[in-house]
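> Take a look at the following structure, please.
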Amino acid sequence: MRRMILAVLSLGALLVPVQASATEPAAGCAAVARPSVPGAKVLATSAAPKPGGTIEYPPEWGVPPITGVPPFCEIKVELTHPGAGDHVLVRLWLPLTGWNGRFQATGGGGYSMHQGDGPLALAVKDGYAAAQTDGGVGFDFEDPSKWALDSKGRVNRELLKNFAYRSLHDLAVAGKAVTREYYGKAPAYSYWNGCSTGGRQGMMNAQRYPNDYDGISAAAPAISMPSFVMADLWPQVVMNVEGVHPTSCELDAFQRAAIAQCDPADGLVDGIIREPAECRFDPGTLIGQQIECKGRTITITKGAADVVRKIWAGPKTRTGAQLWPGYDPSTSLAATAATPFKLAENWVKYFVKKDPAFDFSTVGYREFEQLFRQSKREYDRILGTDEANLTAFRNSGGKLVTWHGTEDSVIHYGGTLKYRHDVVRRMGGAANVDKFYRVFLAPGAEHCGPAAGAAPADQLKPVVDWVEKGKAPETIAAVTYTGASRDLCRYPLRSYYNGTGDPRQATSYTCRTAVR
């Protein structure tokens, strides 16, 4: 879990401030009138001045604090949806000085519709009026037990509706209305910024509420959640059925070996496989190899190699049809395969089986296929977020940018590419779609952040420049944890090393059509 938190939050530490103007609130930090939110009843609003300074993450996250946050006014809007029995909190952080005239709504992660104070603090540092919502579902990335089922053990459809889409529109309406009243004028531009669940929320905004935002940054979006979250459990099914549970050390050994074999194919040995789907590493080549693991020696067996091969192949039907893409050989299996991935396990318990006591370790191949299909059947329409008709968003003038790491171990980037291809087919070809929606793959990057590969230093800036300056992004500046720079290329272009120059510098690479 800590690994997922670090990945989801890692972008925040890399955000680069934008230039702020000097718009001030009308009357300090004062409570505002209750905004009108169609379909909801606003119960109360409140305001409290905050000194800013240093904003801490929960200590168990191990994430560095955010420093230099300017003083702000925190406004809370409490609302409910008549007949739903819910209680939703919308929070805004509004700079006391230096508002840049923009509104930024921030997204969530896992089963939470927000990520705590961090994204708000980063947005306020950049001069934004910032907002988030809890959707009435609380704040827990991997455990939905407090809201998923009602008192009769049925799925709480009203709260699921909040989580899927309803609270997103409430956030936009209430957030922009409060910002307008507080500063005495409406935001000049409104943006969505999120990754993972926040990325899915961004896509849902474009699909269902096309007029809410001028620009949307939707990174590693949890599109097709009912499918990919089931696929995240495929490694557990394989290991349980085959009776072989490789250690994290063994799983890492297979990943390292695959990278060592396939990395040179792109002309540069840098620990990154540019085209991971084309890596044809055979895990059987490691059989008999000995590795050191926490003070003991382990010999890799044929059983372990066979298990990894099945995991990489991905879940299939009994007739061999692919249900969802398998893990690429370069992707770390430690986060979701070495131990059961709790977020995915809880999806089955609470939403598919509706039984918190369900033991997933008993699931075999046939039952897994049944559960996979049930998950899609029951939840694609409410949570799939894969409507390919973006005509209304395009016509509104909106701009949408997505980036996705090719070593994402939580949400396979294949889902993002499938959605992009569906939109292209639906809306008249890539050239037309590129006028409002662009995708950027990040070779070697993990879930919402860098690994060996680079992730964007500021994922919102390309959207802002596109909306406000008409500058459609051809590349996105990205960095690794070690500080190396690399530009992400507009899909379907790929990044090629020029053969000379410092490989740690983005200037040593060129984006061009993939060579097959």
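> Where nothing but the Cβ of Lys and Arg (+1) and of Asp and Glu (-1) is charged, how large is the charge dipole of the stretch 371-450 around its Cα centre, in debye to the nearest 20?
380
> Place +1 on the Cβ of every Lys and Arg and -1 on the Cβ of every Asp and Glu in the chain, take the dipole about the Cα centre, and give the residue among Phe358, Gly444, Val401 whose Cα lies farthest towards its positive end.
Towards the positive end, the residue furthest out is Val401.
> Taking the Cα centroid of the stretch 249-287 and of the stretch 368-439, what is the distance between the two, rounded to the nearest whole Å?
For the stretch 249-287 versus the stretch 368-439, the Cα centre distance is 28 Å.
> Okay, moving on. With both bridge residues required to lie in the chain, what share of the DSSP beta bridges run antiparallel, to the nearest 5%?
Among the beta bridges of the chain, antiparallel pairing accounts for roughly 65 percent.
> Under 13 Å from the Cβ of Met427, count the other residues' Cβ atoms, weight Lys and Arg +1, Asp and Glu -1, and hand me the total. All intermediate terms of the calculation are to be shown ahead of the outcome.
Values: positive: Arg394, Arg420, Arg425, Arg426, Lys435; negative: Glu387, Asp422, Asp434.
Neighbourhood net charge equals +2.
> So in the stretch 180-302, what percent of DSSP beta bridges are antiparallel if you round to the nearest 5?
Antiparallel: roughly 45 percent of the beta bridges in the stretch 180-302.
> In addition: How large is the helix-only mean residue ellipticity at 222 nm for the chain, computed as the sum of -39500 (n - 2.57) over DSSP H runs with n ≥ 4, divided by its residue count, in deg cm²/dmol to the nearest 500?
Per the formula, -8500 deg cm²/dmol.
> Can you classify the stretch 446-516 as rounded, prolate or oblate using the Cα gyration tensor, where a ≥ b ≥ c are the square roots of its eigenvalues, rounded means a/c under 1.5, and otherwise it's prolate if a/b beats b/c and oblate if not?
oblate
> Would you list which aspartates and glutamates come within 15 Å of Lys354, measuring only between C-alpha atoms, while excluding same-chain residues fewer than 8 positions from it?
Once the sequence-local aspartates and glutamates are set aside, what remains near Lys354 is Asp143, Asp150, Glu345, Glu378.
> Here are some pairs, Lys310/Lys376; Lys342/Lys435; Lys152/Lys342; which of them have Cα atoms lying more than 27 Å apart in this structure? List each step's numbers first, then the result.
Values: Lys310/Lys376 22 Å; Lys342/Lys435 39 Å; Lys152/Lys342 24 Å.
Among Lys310/Lys376; Lys342/Lys435; Lys152/Lys342, the Cα-Cα distance tops 27 Å for Lys342/Lys435.
> Something else now. What size of dipole, in debye to the nearest 20, comes out for the chain about its Cα centre when the only charges are +1 on Lys and Arg C-beta atoms and -1 on Asp and Glu C-beta atoms?
1160
> Can you bin the stretch 237-295 into rounded, prolate or oblate? Criterion: square roots of the alpha carbon gyration tensor eigenvalues sorted a ≥ b ≥ c, rounded for a/c under 1.5, prolate for a/b above b/c, oblate for the rest.
It comes out prolate by the Cα gyration axes.
> Which order do His169, His114, His245 take when ranked by solvent-accessible area (1.4 Å probe, heavy atoms of all protein chains), largest first?
The ordering from most to least exposed comes out as His245, His169, His114.
> Take the alpha carbon gyration tensor of the stretch 140-206, find the square roots of its eigenvalues, order them as a ≥ b ≥ c, and report rounded if a/c is under 1.5; if not, report prolate when a/b exceeds b/c, else oblate.
It comes out prolate by the Cα gyration axes.
> Next question. Any idea what Rg and Dmax come out to for the chain if you just take the C-alpha atoms, in Å?
Rg, Dmax (Cα atoms, Å): 22.9, 73.
> Additional query: Net charge near Gly415, counting Lys/Arg +1 and Asp/Glu -1 over other residues with Cβ under 15 Å of its Cβ?
Working: positive: Arg200, Lys376, Lys418, Arg420; negative: Asp232, Asp328, Asp380, Asp386, Glu387, Glu407, Asp408, Asp422.
Summing Lys and Arg as +1 and Asp and Glu as -1 gives -4.
> Also, quick follow-up: With +1 on each Lys and Arg Cβ and -1 on each Asp and Glu Cβ, how big is the dipole of the stretch 260-380 about its Cα centre, in debye rounded to the nearest 20?
Charge dipole of the stretch 260-380: 560 debye, to the nearest 20.
> Got a number for carbon plus sulfur as a percent of the stretch 193-266's accessible area, 1.4 Å probe? Provide the component values of the computation, followed by the final result.
Details: 790 of 1760 Å².
C and S atoms contribute 45 percent here.
> Lys50: net charge of surrounding residues, Cβ under 15 Å, Lys/Arg +1, Asp/Glu -1, itself excluded?
Computed value for this residue: 0.
The values are calculated or read from the model by the stated rules, or taken from the named source; none is laboratory data. These numbers come from a predicted model, not from an experiment. Neighbour counts are summed over all protein chains in view; Cβ atoms, including those assigned to glycine, are modelled from backbone coordinates with ideal geometry. For the accessible areas, the whole protein counts, side chains as well, though only heavy atoms, and no ligand, DNA or RNA atoms are used. Shrake-Rupley method; radii C 1.70, N 1.55, O 1.52, S 1.80 Å.
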